[in-house]
């Protein structure tokens, strides 16, 4: 299963238990040792110059504990005390640092001569926006040309939500070593970039089951199993793509090509604004029709280039009446957001439904601002899933996938290469193609999003990828997973 992601409340419960059962400062000492080992391992064989920038709480204490360990490993360590320790464990950690002969300064250095800087300003206990003197320290850290390693979470980041407290930007780390449990906020929204590469140090603690997970291929094993040889196109279902209004036929074609590439047996396309369109020269395997084969349809995707005219409205109303699984994207989401009757029709569906909004579409559906969506992506996705009884895929950095039964995942693949027109159409088509093959809807959502992001990662750059290139790369990524499973099965 995917990596568990725990809430701040879960971690606080572990800390309280440790305070009762372990000697004072045990978790802090473990955190310091883990951080020092992580920093040393990142520069094997080199004596480092390290600057630990420490705040007043236990995160600062973790920094002092790490400084003691780094000094014992013969690294050259300077601690910058931005505020005097106030937490008892932090006071003791600072005292041990001072007793070791460690060098502490109380102002920020002018020079930029450190091999790495350690952010030990604020941890998960922060609830307010950054302010002075911590804000100046954050800005100093972000100006450093060397690697920045955050302890537990980058200072200023909400560990549960992945947004900056009070919309005040905090530390942007090269890497984060997070303690006790991995946290959702490190993998979505602002946190997806601010945290850098995330390493977990569990500190020999035990946690309750997590409600959130970071997706791995083990979460969609059904999809990654090799096909049996004795099959044919009828074994893999029919997908139906509805969209492509005047001037937007390309969006429907992108979705349809993706559904075909990912393995749907047959793919039908209804371009509502181009009834004369009868062949895709680049993908002649697609079939064009204005009449959905309802009795032979396993999955339908509506919205890609759908538009907002009467043809679009009629197509959406008919699609919501289908008993097949339906993926709702783009213009279809916008129509639902402004039409109470459509919203009610969606909510009353009993068949499988998946919504794939980007933040603006999610904001329209919830009647709020994009800023509110991005400030609490997980909770907003959960609200949408509950309201519409649908699996919700809230796109963006660290795409959030939520099931109406409470299951929740964050996708780790993908990046800025996907920030170009048409990539959302491809994602909707991939998911529709997986559903058409009879795969579990939750696994189809997780797998479609993961493969879509993996396709972008495999391109190897953050600009220049276009939407039409994604589906073949996603199919290749799926093929690699299946080949790996086949090889393991043969052993």
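The values are calculated or read from the model by the stated rules, or taken from the named source; none is laboratory data. Please read these numbers as outputs of a predicted model, since none were measured by experiment. No Cβ is skipped: glycine too gets one built from the backbone with ideal geometry, and neighbour counts run over all protein chains shown.
For the residues 73, 130, 48, 122, the requirement of being within 26 Å of residue 23 (Cβ to Cβ) and either in contact (Cβ under 8 Å) with a residue 40 or more places away in the chain or touching a strand residue (DSSP E or B) at 6+ places or on another chain (Cβ under 7 Å) (or both) singles out 122. Mind telling me which of the residues 96, 139 ends up being surrounded by 14 or more Cβ atoms within 10 Å (Cβ to Cβ), over 24 Å from residue 8 (Cα atoms) and without any contact (Cβ under 8 Å) to a residue 12 or more places away in the chain? The unique qualifying residue is 139.
Considering 369, 348, the condition of being under 30 Å from residue 295 (Cα atoms) and in the same structural domain as residue 247 (by TED's automatic domain parsing) is satisfied by 348 alone.
Criterion applied to 393, 410, 378, 373 was being modelled with pLDDT of 95 or more, farther than 17 Å from residue 212 by Cα and surrounded by 21 or more Cβ atoms within 10 Å (Cβ to Cβ), and the one residue passing it is 373. Residue 49 falls short on exactly one of the conditions (1) touching a helix residue (DSSP H, G or I) at 6+ places or on another chain (Cβ under 9 Å); (2) over 27 Å from residue 158 (Cβ atoms), and that condition is (1).
Within the range 203-213, is even one residue in contact with a strand residue (DSSP E or B) (Cβ under 9 Å, 6 or more places away or on another chain), outside the structural domain of residue 293 (by TED's automatic domain parsing), closer than 27 Å to residue 40 by Cβ and assigned to a strand (DSSP E or B)? Within the range 203-213, none of the residues are in contact with a strand residue (DSSP E or B) (Cβ under 9 Å, 6 or more places away or on another chain), outside the structural domain of residue 293 (by TED's automatic domain parsing), closer than 27 Å to residue 40 by Cβ and assigned to a strand (DSSP E or B). Report the residue count in the range 429-487 for those that are closer than 21 Å to residue 392 by Cβ and outside any helix (DSSP H, G or I). Result for the range 429-487: 2.
The set of residues in the range 454-467 that are farther than 17 Å from residue 432 by Cβ and in contact with a helix residue (DSSP H, G or I) (Cβ under 7 Å, 6 or more places away or on another chain) comprises 454, 456, 458, 459, 461, 462, 463, 465.
Have a look at 358, 403 and point out the one that is over 26 Å from residue 1 (Cβ atoms), modelled with pLDDT of 95 or more, in the same structural domain as residue 260 (by TED's automatic domain parsing) and buried (at least 16 other Cβ atoms within 10 Å of the Cβ).
That would be 358, the only listed residue that is over 26 Å from residue 1 (Cβ atoms), modelled with pLDDT of 95 or more, in the same structural domain as residue 260 (by TED's automatic domain parsing) and buried (at least 16 other Cβ atoms within 10 Å of the Cβ).
Residues that are surrounded by fewer than 24 Cβ atoms within 10 Å (Cβ to Cβ) and without any contact (Cβ under 8 Å) to a residue 60 or more places away in the chain within the range 242-265 comprise 247, 248, 249, listed in sequence order. With respect to residue 428, determine if the residue is modelled with pLDDT of 95 or more and exposed (fewer than 14 other Cβ atoms within 10 Å of the Cβ). Criteria not met by residue 428. Taken over the range 20-53, the criterion of being assigned to a helix (DSSP H, G or I) and buried (at least 22 other Cβ atoms within 10 Å of the Cβ) is satisfied by 27, 28, 29, 31, 32, 34, 35, 36, 39.
For the range 413-422, give me each residue that is part of a helix (DSSP H, G or I) and either touching a strand residue (DSSP E or B) at 6+ places or on another chain (Cβ under 8 Å) or surrounded by 21 or more Cβ atoms within 10 Å (Cβ to Cβ) (or both). Across the range 413-422, the qualifying residues are 417, 418. Within the range 129-170, the residues that satisfy the criterion of being part of a helix (DSSP H, G or I) and over 16 Å from residue 371 (Cα atoms) are 134, 135, 136, 137, 138, 139, 140, 141, 142, 143. Within the range 160-177, being surrounded by fewer than 24 Cβ atoms within 10 Å (Cβ to Cβ) and in contact with a strand residue (DSSP E or B) (Cβ under 6 Å, 6 or more places away or on another chain) holds for 174, 175.
Quick check: is even one residue across the range 69-79 at positive phi and over 33 Å from the mean Cα position of the chain (by Cα)?
There is at least one residue in the range 69-79 that is at positive phi and over 33 Å from the mean Cα position of the chain (by Cα).
Taken across the range 444-455, residues that are farther than 22 Å from residue 305 by Cα and without any contact (Cβ under 8 Å) to a residue 40 or more places away in the chain do occur, with at least one present. Taking the listed residues 280, 270, the one that is farther than 13 Å from residue 425 by Cβ and in contact with a helix residue (DSSP H, G or I) (Cβ under 6 Å, 6 or more places away or on another chain) is 280, with no other qualifying.
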